[in-house]
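This report refers to the structure that appears directly beneath it.
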């Protein structure tokens, strides 16, 4: 859905002026500057009894001037005027509901289950987006070759939207994130590719204060975020906000999230993160250094075949791809974990040279399941070197990646 214009929306309440009441973001062109389609951005707003603020939230999303928006509101059976306010904007919403739920995390999970966009985020009903936010998000995430997430700056405001200070979106790291109460970053300015959502899993519905912290720790294991200082959203400090009115419960839940995630990593304390984090960062750097292109094949060998047979088959596949008219748009990823070590070394020295115009060949080392998960979305197809019995080899989690054959 293309965002509506200011003239199409219901008039603002009396006395409301400025963004997003009497001002709008200039509508974007139908296509991105490079001629491609704008990625669909899906935003979910969970809400319960926020009639005082929710209209500002709704208008800030709808007045982005963005050409491909999917916006949903999940209201938890509010008893104030929320439903009447939401109803005024229902023709501009892809979905909305007002029904009892099991809390904020459950409402967000229900909303995301209905989304179809490639970029996801949620914004609470007492916060709001800044003008041009979605354009910044789309352009930034579209430049990434692999699924990732974005953290932007955030303006902290008071109850009547007067700016108090700015929270930076930079200087964020996995290690710092563990000390969440000191190093928190704005959920309102955080967006991510859908594939990361499917890998990280749903929000933990047992959590009511630190569900975002828990989710960010899981995202860090899948990709390093892009961080920018550009202000994307506004985070409203007010007396009824959970993080302010229920600080002790928030702190207790943060501690539970730390313990939960340490156990998931089979660690006993944050101090043990040092070596694990260093290893994780170095392996992620290996993935990010791969020369990926429009079409990326990954190739496996049958360990039961002779080295001579493997080498001959490998050369046959490379020759066939090099003769393809679009070879300049292709990368062949050789899975070193499925080739004899000394053959891989020789192969690397002889064949893996930088190619400006022809087929690009890169060797992929042994990767963990999480690292495979980060790489596989960019893999177009897998190639298994031919066997006499014709059966495929390799037990890696390659669901959804087509198996192809290459004729000589």
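The values are calculated or read from the model by the stated rules, or taken from the named source; none is laboratory data. On a predicted model such as this, the values are computed, not experimentally measured, just so you know. Cβ: placed from backbone, ideal geometry, glycine included. Neighbour counts: every protein chain shown.
What to note about this one:
- Selection of the stretch 68-99 for residues being assigned to a strand (DSSP E or B), touching a residue at least 24 places away in the same chain (Cβ under 8 Å) and closer than 18 Å to residue 120 by Cα yields 69, 70, 71, 72, 73, 74, 96.
- Residue 65 vs. criteria part of a loop (DSSP other than H, G, I, E, B), free of Cβ contacts under 8 Å to residues at least 40 places away in the same chain and surrounded by fewer than 22 Cβ atoms within 10 Å (Cβ to Cβ): no
- The stretch 189-220, residues that are more than 14 Å from the chain's Cα centre (by Cα) and outside any loop (DSSP other than H, G, I, E, B): 211, 213, 214
- Taking the stretch 221-258 as the range and being within 13 Å of the chain's Cα centre (by Cα) and in a loop (DSSP other than H, G, I, E, B) as the test, the residues that pass are 221, 222, 223, 224, 225.
- Any hit, the stretch 135-149, residues being touching a helix residue (DSSP H, G or I) at 6+ places or on another chain (Cβ under 8 Å) and closer than 22 Å to residue 3 by Cβ: no
- Selection count where residues are in a helix (DSSP H, G or I) and buried (at least 19 other Cβ atoms within 10 Å of the Cβ), scope the stretch 141-160: 1
- Checking each residue of the stretch 204-216 against the condition of being surrounded by fewer than 18 Cβ atoms within 10 Å (Cβ to Cβ), at negative phi and modelled with pLDDT under 90 gives no match.
- Scan of the stretch 164-188 for residues that are touching a strand residue (DSSP E or B) at 6+ places or on another chain (Cβ under 6 Å), in a loop (DSSP other than H, G, I, E, B) and within 22 Å of residue 126 (Cα to Cα), ordered by number: 168, 169, 185, 186
- Residue in the stretch 37-62 that is surrounded by the most Cβ atoms within 10 Å (Cβ to Cβ), counting only those that are part of a loop (DSSP other than H, G, I, E, B) and more than 20 Å from the chain's Cα centre (by Cα): 50
- Filter pass, residue 82 being surrounded by 16 or more Cβ atoms within 10 Å (Cβ to Cβ), farther than 20 Å from residue 136 by Cβ and touching a strand residue (DSSP E or B) at 6+ places or on another chain (Cβ under 8 Å): yes
- Enumeration of residues in the stretch 1-30 that are in contact with a strand residue (DSSP E or B) (Cβ under 9 Å, 6 or more places away or on another chain) and either without any contact (Cβ under 8 Å) to a residue 24 or more places away in the chain or under 22 Å from residue 84 (Cβ atoms) (or both): 20
- Residue match in the stretch 92-110 (condition: more than 29 Å from residue 212 (Cα to Cα), surrounded by fewer than 22 Cβ atoms within 10 Å (Cβ to Cβ) and in contact with a helix residue (DSSP H, G or I) (Cβ under 6 Å, 6 or more places away or on another chain)): no
- Scanning the stretch 110-155 for residues that are more than 14 Å from the chain's Cα centre (by Cα) and free of Cβ contacts under 8 Å to residues at least 24 places away in the same chain gives a single hit, 113.
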